[in-house]
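Undergrad: My structure is below; once you've seen it, I'll send some questions.
The values are calculated or read from the model by the stated rules, or taken from the named source; none is laboratory data. Keep in mind it's a predicted model, so treat the numbers as computed, not measured. Cβ coordinates were reconstructed from backbone atoms using ideal geometry, including for glycine residues, and neighbour counts include every protein chain displayed.
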Amino acid sequence: MYDGSKILAGLIVFLALVTFPFWNNFGAKEWKQPELKLPPKEVATQCIESKEYMREQHMKILDDWRDQVVREGKRIYIAKRDHKEYQMSLQNTCMKCHDDKEKFCDKCHTTASVSPYCWDCHIAPKAKGN
Amino acid sequence: MQKTRRTFLKYAGVSVLGLAAMPAVKAAASYVPHQVHEKPDPRELHAKRWAMVIDTRRLNSDEDMKPLIDACHKEHNVPKIDGPQEVKWLWTDTMHAVFPEQSGEFQHAELEHKNFLLLCNHCYNPPCVRVCPTKATFKLQNGITMMDMHRCIGCRFCMAACPYGARSFNFKNPRPFLDEAAQNPEYPTRMRGVVEKCTFCSERLEKGQKPACVEASKGALLFGDLADPNSEVRKALKENYSIVRKPGLGTQPSVYYII
């Protein structure tokens with residue numbers, strides 16, 4: 001093999017670079033799901049839908065809500081769980097109970113490294129620590 | 001399959017049976033969990049074509065109009081920016097700027113130097129809606145020309161299309177130009193790079209309230225359904241001489257001015 005040593009050295013460098021993310025993270029802390037702090041009982045006892053549904057579907061719900069409210073003129077949401085009625089509003093419904101954006105929204109979004117642009121326009125309420 | 005009288009009668013019989021079972025099927029379907037999870041607010045005010053009549057005889061000085069503008073801008077978190085980058089939903093201008101086609105060389109002295117209240121005309125035939133490439137601005141069923149801020153990409157075609165200058169562009173983040181204490185926490189602000197304008201207080205109408213400026217005007221602004229001959233606005237238009245802005249363009253504004 002011509003220039004065998006150079007080729008081998010190059011291959012080793014290449015493999016080292018390609019596998020860098022793996023050995024760099026070796027022994028790093030295990031990923032932990034951020035702990036969700038629910039509003040106290042006197043503020044609210046239940047969300048509009050079940051916890052699991054909200055965790056998986058809240059982005060879809062908010063996306064549906066904005067179209068329904070702005071474009072279709074429908075402002076009331078009828079819960080799938082118990083048919084209770086709610087105003088479809090991020091600012092005026094969600095944030096009435098979950099009034100601390102940093103503890104509620106940002107906590108998971110930062111961990112999951114997603115940055116939704118809701119708050120470029122919508123006003124987050126002053127946190128009361130719920 | 002061979003078409004015999006026997007098979008025809010069989011199918012006819014089954015069809016008739018199906019039709020007879022319809023009411024039962026419908027009744028059963030109403031017990032199945034519903035699929036619709038959104039509905040309009042029952043307090044909503046309804047109209048086919050919302051319109052405003054501005055009684056300019058009662059709005060003479062800036063002191064008459066300022067409370068209306070303040071009420072609107074406070075309600076909708078409109079920032080206060082001076083100069084060419086200003087953002088406005090409700091504003092005033094002079095006779096020659098507002099009615100350029102209707103002003104002659106010599107005018108009634110009082111009208112000549114008077115300011116008029118201006119807002120989006122919510123045209124029946126809106127040029128802004130025609131040019132919007134993302135359908136961010138569109139017509140609602142009730143005649144309001146609405147803005148969907150989630151969709152606006154800030155191309156400003158609508159601003160070029162609007163002959164009334166009713167649209168403002170957010171050249172910069174509007175938040176620093178809003179007094180934080182005076183913000184309305186119920187309504188969003190806007191972000192840099194979107195176009196905004198008056199929405200005829202669509203969010204208030206859906207809660208059963210009249211627009212903020214109409215409420216603050218003490219009767220100088222009338223609001224109602226242009227499609228209903230018995231509405232407040234149609235009555236006012238029947239009894240008084242009124243004009244609209246730039247009628248020659250064929251946009252058919254829904255904002256009328258009683259002179």
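Undergrad: When the residues of region B:136-168 are narrowed to those that are buried (at least 18 other Cβ atoms within 10 Å of the Cβ) and among the polar types (S, T, N, Q), which ends up nearest to B:Pro247 (Cα to Cα)?
TA: By that ranking, first place goes to B:Thr145.
Undergrad: Let me ask something additional. Please verify whether region A:64-76 includes one or more residues that are over 26 Å from A:Asp106 (Cβ atoms) and in contact with a Ser or Thr (Cβ under 9 Å, 6 or more places away or on another chain).
TA: yes
Undergrad: Tell me yes or no: at least one residue of region B:38-56 is loosely packed, with under 10 Cβ neighbours inside 10 Å and among the hydroxyl-bearing types (Ser, Thr, Tyr). Give the derivation first.
TA: Restricting attention to region B:38-56, the residues satisfying the condition of being loosely packed, with under 10 Cβ neighbours inside 10 Å are B:42.
From what's left, among the hydroxyl-bearing types (Ser, Thr, Tyr): none.
No, region B:38-56 has no match at all.
Undergrad: Considering each of B:Lys88, B:Lys66 in turn, give the residue that is under 30 Å from B:Leu237 (Cβ atoms) and without any contact (Cβ under 8 Å) to a residue 12 or more places away in the chain.
TA: B:Lys66
Undergrad: For A:Ala28, indicate whether it is farther than 24 Å from B:Asp41 by Cα and at pLDDT 95 or above.
TA: Taking the combined requirement at face value, the residue does not satisfy it.
Undergrad: Quick one: would you say B:Cys201 is at positive phi and touching a helix residue (DSSP H, G or I) at 6+ places or on another chain (Cβ under 8 Å)?
TA: Details: at positive phi: yes; touching a helix residue (DSSP H, G or I) at 6+ places or on another chain (Cβ under 8 Å): yes.
Yes.
Undergrad: If you check B:Leu9 against the conditions, is it touching a residue at least 24 places away in the same chain (Cβ under 8 Å) and not acidic (Asp, Glu)?
TA: Criteria not met by B:Leu9.
Undergrad: Which of the following residues is of a type in the set (D, E, K, R), more than 18 Å from B:Val36 (Cβ to Cβ) and modelled with pLDDT under 95: A:Lys84, A:Lys37?
TA: One residue alone meets the criteria, A:Lys37.
Undergrad: While we're looking at this one, here's another question. Could you list, in sequence order, the residues of region B:204-216 that are farther than 24 Å from A:Trp65 by Cα and either within 11 Å of chain A (Cβ to nearest Cβ) or modelled with pLDDT under 95 (or both)?
TA: None; the set is empty.
Undergrad: Does region A:16-70 hold any residues that are surrounded by 14 or more Cβ atoms within 10 Å (Cβ to Cβ), in a helix (DSSP H, G or I) and not charged (D, E, K, R), and which are they?
TA: A:Tyr53, A:Met54, A:Gln57, A:His58, A:Ile61, A:Leu62, A:Trp65, A:Gln68, A:Val69, A:Val70
Undergrad: Mind listing whichever residues of region A:77-107 are surrounded by 15 or more Cβ atoms within 10 Å (Cβ to Cβ) and more than 14 Å from every other protein chain (Cβ to nearest Cβ)?
TA: A:Cys97, A:His98, A:Asp100, A:Lys103, A:Phe104, A:Cys105, A:Asp106, A:Lys107
Undergrad: Only one of B:Ala12, B:Ala28, B:Ala71, B:Ala21 is within 25 Å of the chain's Cα centre (by Cα), of a type in the set (Gly, Ala, Ser) and surrounded by 10 or more Cβ atoms within 10 Å (Cβ to Cβ). Can you tell me which?
TA: Just one listed residue meets the conditions, B:Ala71.
Undergrad: Sort out for me the strands (runs of 3 or more DSSP E) sitting completely within region B:112-159 that have 1 or more residues that are farther than 21 Å from B:Glu44 by Cα and within 14 Å of chain A (Cβ to nearest Cβ).
TA: B:137-139
Undergrad: Can you find a residue that is assigned to a helix (DSSP H, G or I) and out of contact with any Gly (no Cβ under 8 Å at 6 or more places or on another chain) anywhere in region B:41-55?
TA: no
Undergrad: Same structure, new question: Tally time: how many residues in region B:176-203 are over 29 Å from B:Ala51 (Cα atoms) and at the interface with chain A (Cβ under 9 Å from one of its Cβ atoms)?
TA: Residues that pass the stated criteria total 1.
Undergrad: Select from region B:247-259 the residues that are surrounded by 16 or more Cβ atoms within 10 Å (Cβ to Cβ) and under 19 Å from B:Gly143 (Cα atoms) and list them in ascending order.
TA: B:Thr251, B:Pro253, B:Ser254, B:Val255, B:Tyr256, B:Tyr257
Undergrad: Could you list, in sequence order, all residues of region A:77-124 that are under 25 Å from A:Glu42 (Cβ atoms) and assigned to a strand (DSSP E or B)? Full working, then the answer.
TA: Restricting attention to region A:77-124, the residues satisfying the condition of being under 25 Å from A:Glu42 (Cβ atoms) are A:77, A:79, A:81-108, A:123-124.
Residues satisfying the conditions are A:Tyr77, A:Glu85, A:Tyr86, A:Gln87.
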